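The values are calculated or read from the model by the stated rules, or taken from the named source; none is laboratory data. As the structure is a computational prediction, the values presented were derived from the model and not from experiment. Here the Cβ positions follow ideal geometry from the backbone for every residue, glycine too, while neighbour counts run over all protein chains shown.
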């Protein structure tokens, strides 16, 4: 599965006054992503799983209370659930999110957050935060409290014996991730090559390079079946690899930016813009056609095949709202979820007994009937000081730990590096 985001992450960090007298009394306003921005509405999303902190989202437009507007610019931060003055630094900070042309997260460590009152239904306060001249806000706000439990996932940073190459962020250092039942993990690097890694034993997550697969054209999407066989989709071709050896070339197929493989490896579902295609695969050949559910979406974001029931989950924009629809193999809708909870369904995957959706800045977890059961802020997961882009979240068929791919940049560096995090369902 692949998130087709192309972005440049820029690093900046500076010190500033921590005097709350410097925060103006007017409503929170400034610039986000170079665009004029004024706070309109926000809410406390959830409470941190280990820290107990409130995680909040602030938007420049109005929406249904406790919903998720289709916003292109927003602010994310967190704080202890009590009044106080909290200077921003590497641990306590604010993320500027700009979704124009693909989400870019810029972490501001210059500023101050003042929480004046924490009531049962509202939180009031003031803040000043600056990343650079295009991301700079100051003023007051009032938030609704809409507490959602933390996602039932434990994350751990992985170390590479041979890291993917660094780049400038365009394309991202990690473009896509796939997790295999045998413990292997594959990713597409910034050059479009596919790297496969074996995961070492022990408590710590360490990955060792097994193979590098170079293709005639850059890889766009990857996925494993239940036999740990890897499928790679370039923009218009589909390949099958077993243990690093190519065992099938489907030839020319429809263009795709993401692919999902049924657990038995007999069917591939791919997406491009607003179309979903289905490709039948056997030992020596492939045949594909447009799949009916593609017509439901104005824009398709992500796709996955759930192992428990072989339902095909497709996320995208329907009538101006981001939703995920679950279909049977005949293309008949079974249920839908995410409406009002999501701003994007960038990547989908079955995680334990739940289903995970990678949004622009957080991971939302739903139960088997589509009810939201938890959410985690990605800024609390990644170990980076300046900017990051979470590109893909993948879990293996049949269950087990998954992996979150991140393209990240550190303070003082122009290089964008690949980061990988193991996600273990609780």
Scan the range 90-135 for residues that are in a loop (DSSP other than H, G, I, E, B), over 15 Å from residue 44 (Cβ atoms) and in contact with a strand residue (DSSP E or B) (Cβ under 9 Å, 6 or more places away or on another chain) and report the count.
10
Restricting attention to the range 286-295, does a residue exist that is buried (at least 21 other Cβ atoms within 10 Å of the Cβ), part of a strand (DSSP E or B) and modelled with pLDDT of 90 or more?
no
Looking only at the range 379-389, filter to residues that are at pLDDT below 85 and not in a loop (DSSP other than H, G, I, E, B); which one of those is nearest to residue 360 (Cα to Cα)?
379
Here are 372, 358: which of them is buried (at least 24 other Cβ atoms within 10 Å of the Cβ) and over 18 Å from residue 165 (Cα atoms)?
358
Please indicate, with yes or no, whether at least one residue in the range 62-75 is in a loop (DSSP other than H, G, I, E, B), more than 22 Å from the chain's Cα centre (by Cα) and modelled with pLDDT of 85 or more.
yes
Within the range 136-154, is even one residue under 30 Å from residue 211 (Cα atoms) and either in contact (Cβ under 8 Å) with a residue 12 or more places away in the chain or not in a strand (DSSP E or B) (or both)?
yes
What about residue 320, is it touching a strand residue (DSSP E or B) at 6+ places or on another chain (Cβ under 6 Å), modelled with pLDDT under 85 and more than 19 Å from residue 176 (Cβ to Cβ)?
no
Just one of the numbered conditions (1) within 19 Å of residue 381 (Cα to Cα); (2) modelled with pLDDT of 75 or more; (3) surrounded by fewer than 21 Cβ atoms within 10 Å (Cβ to Cβ); (4) in contact with a helix residue (DSSP H, G or I) (Cβ under 8 Å, 6 or more places away or on another chain) is not true of residue 48; which one?
(2)
Do any residues in the range 48-74 that are more than 21 Å from residue 32 (Cβ to Cβ) and assigned by TED's automatic domain parsing to the domain that holds residue 30 have Cβ atoms under 6 Å from those of residues that are at pLDDT below 85 and in a loop (DSSP other than H, G, I, E, B), where the two are at least six apart or on different chains, and which pairs are they?
49/150
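So that you can scan it fast, the table gives a plain yes or no per residue for (1) over 18 Å from residue 360 (Cα atoms); (2) modelled with pLDDT under 85; (3) buried (at least 22 other Cβ atoms within 10 Å of the Cβ):
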residue	(1), (2), (3)
376	no, yes, yes
391	no, no, yes
398	yes, yes, no
403	no, no, yes
410	yes, yes, no
422	yes, no, no
426	yes, yes, no
